[in-house]
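One structure below.
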Amino acid sequence: METFSTLMGKQTLLPIIQADTIEQGLAIGKAMVAADIHLVEVVLRTEASIDIIKVLKKELPALKVGAGTVIDAGILNQALDAKSDFIITPTLSTSLLTQLANCPVPVLPGVSNAADILLARDFGYCQLKLFPASLSGGVAFLSAMSAVFRDITFCPTGGITQSNQQEYLDLANVFAVGGTWVAKPDWIKMGQWSKVTAACKAAQSVD
């Protein structure tokens, strides 16, 4: 199966879409595509989230759209029924990892400590999401883990910003960073889609 990092390709930003309506979600997606984004995560935190995945898949067929905040089999099935291109979890458990074992699309399990990393590794995962990164040791933690888990790479999310993303991307065991800063709630509320495009472009212009 294709890995999550392969799905991302050269894109080192995992933009996160959280919207209250289908219209907002589609507008955010279009603004991100305008910045040459080809893959986005829709977090399943609002009632419109599943429908946002469906409409993005329909209206922007070249865009890879995945589901985040998957925490149980019910949510997983909804995400897969919506034709999500990948699955991301905020955390993990033996039960959840067992349910994900036969997932037909790439999975990025969420971890927050060394025990989580070992558990995910035991289930065969070598690409993980550190969440919430800023509260789980951040750059220092990931640097330390590189010596212990040499075969594991990360996409840290949570507390990542334009100003600190490069610190994470400079680490050899980080292949991308995830963030909501490129689609701030105030911009969404005001319909300031050009700011989303500009923020995505800026995030991808780091050295």
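The figures follow:
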| item | result |
| --- | --- |
| Within straight-line cross-link reach of K10, aspartates and glutamates at Cα separation under 14 Å, skipping those fewer than 8 residues along the same chain | D36, D207 |
| CD proxy at 222 nm, helix term only [per DSSP H run n ≥ 4: -39500 (n - 2.57); per residue of the chain; nearest 500] | -11500 deg cm²/dmol |
| Per-q log10 I(q)/I(0), segment 11-203, q = 0.11 Å⁻¹ (Debye; single scatterer per alpha-carbon; no solvent) | -0.46 |
| Efficiency of FRET from Cβ geometry, F123 and A147, R₀ 25 Å, rounded to 0.05 | 0.70 |
| Order of E23, E47 - criterion: other Cβ atoms within 10 Å of each residue's Cβ, fewest first | E47, E23 |
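Only the coordinates and a few stated rules stand behind these numbers; no lab work does. Only a predicted model underlies this, so the values are computations on that prediction, with no experimental measurement involved. Quick reminder, even Gly has a Cβ in these numbers, built from the backbone with ideal geometry, and neighbours come from all protein chains shown.
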